[in-house]
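To start, the structure itself, in structure tokens.
The values are calculated or read from the model by the stated rules, or taken from the named source; none is laboratory data. Everything numeric here is computed off the predicted structure, so don't read it as measured data. Here the Cβ is made from the backbone with ideal geometry for all residues, glycine too, and neighbour counts use every protein chain on show. Each accessible area value is taken on the protein alone, full model and side chains, heavy atoms only, with ligands, DNA and RNA left out. Shrake-Rupley method; radii C 1.70, N 1.55, O 1.52, S 1.80 Å.
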Amino acid sequence: MARHAVTLVPGDGVGPEICDATVRVLEATGVQFDWDVHQAGEAAIKDFGTPLPEPVLASIRKNKVALKGPITTPVGSGFRSVNVALRQELDLYALVRPVKAYKGARNLRDDLDFVIVRENTEDIYAGIEFEQGTSDVKHLIEEISGLTKKNIRLDSGLSIKPVSISGSERIVQFAFDYARKNKRRKVTAVHKANIMKHTDGLFLAVARRVAESNKDIEFEDRIVDNMCMQLVLRPREYDVLCCLNLYGDIISDLGAGMIGGLGLAPGANIGSNSAVFEATHGSAPKYAGLNKVNPIAVMLSGVLMLRHLEEVAAADALETAIADVIALGKSVTYDLKEMRDDPTAVGTSQVADAIVAQLKAGA
Ligand code: NAD
């Protein structure tokens, strides 16, 4: 059986414990891994002087596949998000987040099954920001006021929202390719083109054009606010949602809430050359080291990784074992219980024990 070299970035906060649990269940499938472990974030600053050291990027470029825990981003000051920087550095332009209801989870409905494809490199997330009060922002405000004849308050900060034809083309084409490969019937482009005509409007125009050459898959578009309401009321009408970066971020958490919370929401960052698998949730620092939070979102990201590595049987077996443990409802963490203080909730590592046992029982 082939071995897979995979970069493992445990991250910080609850990252190391949920990644440990995930490595255990991945190895219990019988697939063999050579883990190349790297630090990033605060922990890397001590040794490398940067939160995203070159060896992490070099390892992912070489292995082409990584499993990653969450990394804390300081709010307001300090370094920019390592998670966003990693996606930009490796040009991981598509973030795929399936929203799938597992029986026994606290689902809004039990038939939920749609996929968010989020553009991952552009939009207001591009990190082009100008701090209020600086000479740069003053200069820019004057320039923009001159060009648009619109008044921007002088005490403003500015964030720039770039959306390109090429960036939009590749994410929309990715959504169609994903739909085709995964036997999904429809792509819905999500935007606010009625308000932002030259960014979201451009994205929508490109999406309509790309749809013309993908006629085997149905296409439609929705304005993002309406999309949120529709997802809650009529989720079965939606299949693959192709979203600009910020909307994809927000709709991902909406989707996570619909299937019982962030503890069950996986993700895959995909680029032309490499892929990084990580949960939707963050580092939940207040729970770090407590063996308390749910490892299943990272484990389900591991299932996506197995599929990417074409280890389909192992992916199916692990997903079934996870689904069984959720359905049995015994060996699950606090977030999957009706009451958050339910004393029968188990810890992170006990969830891994139960899934490993379930895998063995099913083998
Ligand atoms: P968070 O997702 O870390 O936590 C929000 C809340 O969700 C937690 O307090 C907890 O109640 C719950 N939660 C999250 N994960 C859970 C799990 N596995 N099991 C059970 N409950 C869980 O969001 P936050 O508090 O906004 O962010 C904390 C830090 O994580 C910030 O620094 C943020 O920038 C970072 N972050 C990183 C990533 C990433 O690495 N990709 C993503 C989002 C946020």
Practice item. Name the most mobile residue of 199, 348, 50, meaning the one with the largest mean-square fluctuation, in a Gaussian network model of the chain with Cα contacts below 10 Å. Key: 50
**Study point:** segment 159-214 versus segment 317-348: alpha-carbon centroid distance in Å
**Key:** 37 Å
Study note, to complete from the structure: Checked segment 1-125 with the C-alpha gyration tensor, a ≥ b ≥ c its square-rooted eigenvalues, rounded below a/c of 1.5, otherwise prolate if a/b is larger than b/c and oblate if not; verdict oblate
Review point. Under 20 Å from the 7 Å Cα→Cβ point of residue 91, by amide nitrogen: which residues of segment 149-185?
Key: 162-178
Practice item. Have a look at 122, 220, 54 and tell me which one the Gaussian network model of the chain (Cα, springs below 10 Å) gives the largest fluctuation. Key: 54
Point to revise | Ranked order, 200, 91 - accessible area, probe 1.4 Å, largest first | key: 91, 200
Practice item. Please give the calculated 222 nm ellipticity per residue for the chain, where each DSSP H segment of at least 4 residues contributes -39500 (n - 2.57) and the sum is spread over every residue; nearest 500 deg cm²/dmol? Key: -13000 deg cm²/dmol
Check your understanding: Which values of log₁₀ I(q)/I(0), to two decimal places, follow from the Debye formula for segment 153-312 at q = 0.14, 0.21 Å⁻¹ with a uniform point scatterer at every Cα?
Key -> -0.84, -1.48
Exercise for review: Would you mind working out the accessible area per residue for the chain, using a 1.4 Å probe, and quoting it in Å²?
Suggested key: 46 Å²
Check your understanding: What FRET efficiency comes out for the pair residue 128/residue 308, r = Cβ-Cβ distance, R0 = 25 Å, nearest 0.05?
Key -> 0.20
Practice item. With N set to the residue count of segment 134-230, report its C-alpha Rg divided by 2.2 N^0.38 Å to two decimal places. Key: 1.41
Point to revise | the chain: angle of helix 165-181 to the longest principal axis, Cα-based, in degrees nearest 10 | key: 30 degrees
Practice item. Measure off 7 Å from each Cα along the Cα-to-Cβ vector at residue 209 and residue 237, then give the distance between these two points in nanometres to one decimal. Key: 2.9 nm
Review point. In whole percent, how big is the carbon plus sulfur part of the accessible area of segment 123-162, probe 1.4 Å, protein atoms only?
Key: 53 percent
Check your understanding: For 274, 135, what's the largest-to-smallest order of accessible area, 1.4 Å probe?
Key -> 135, 274
Check your understanding: Relative to the first principal axis of the alpha-carbon coordinates of the chain, what is the inclination of helix 312-328, with its axis defined by its Cα atoms, in degrees from 0 to 90 and to the nearest 10?
Key -> 80 degrees
Check your understanding: Compactness ratio of the chain: Cα Rg over 2.2 N^0.38 Å, N = residue count?
Key -> 1.02
Check your understanding: Cα-based Rg of segment 123-162 per 2.2 N^0.38 Å, rounded to two decimals?
Key -> 1.12
Point to revise | Projected label distance in nm at residue 250 and residue 27, using a 7 Å step from Cα toward the beta-carbon | key: 4.3 nm
Check your understanding: Can you work out the FRET efficiency for the pair residue 152 and residue 291, with r the C-beta to C-beta distance and R0 = 51 Å, to the nearest 0.05?
Key -> 0.55
Check your understanding: To the nearest 0.05, how large is the calculated FRET efficiency for residue 165 and residue 344 if R₀ is 45 Å and r is the Cβ-Cβ distance?
Key -> 0.25
Point to revise | Simple spin-label estimate for residue 110 and residue 177 in nanometres, 7 Å along Cα-Cβ | key: 3.7 nm
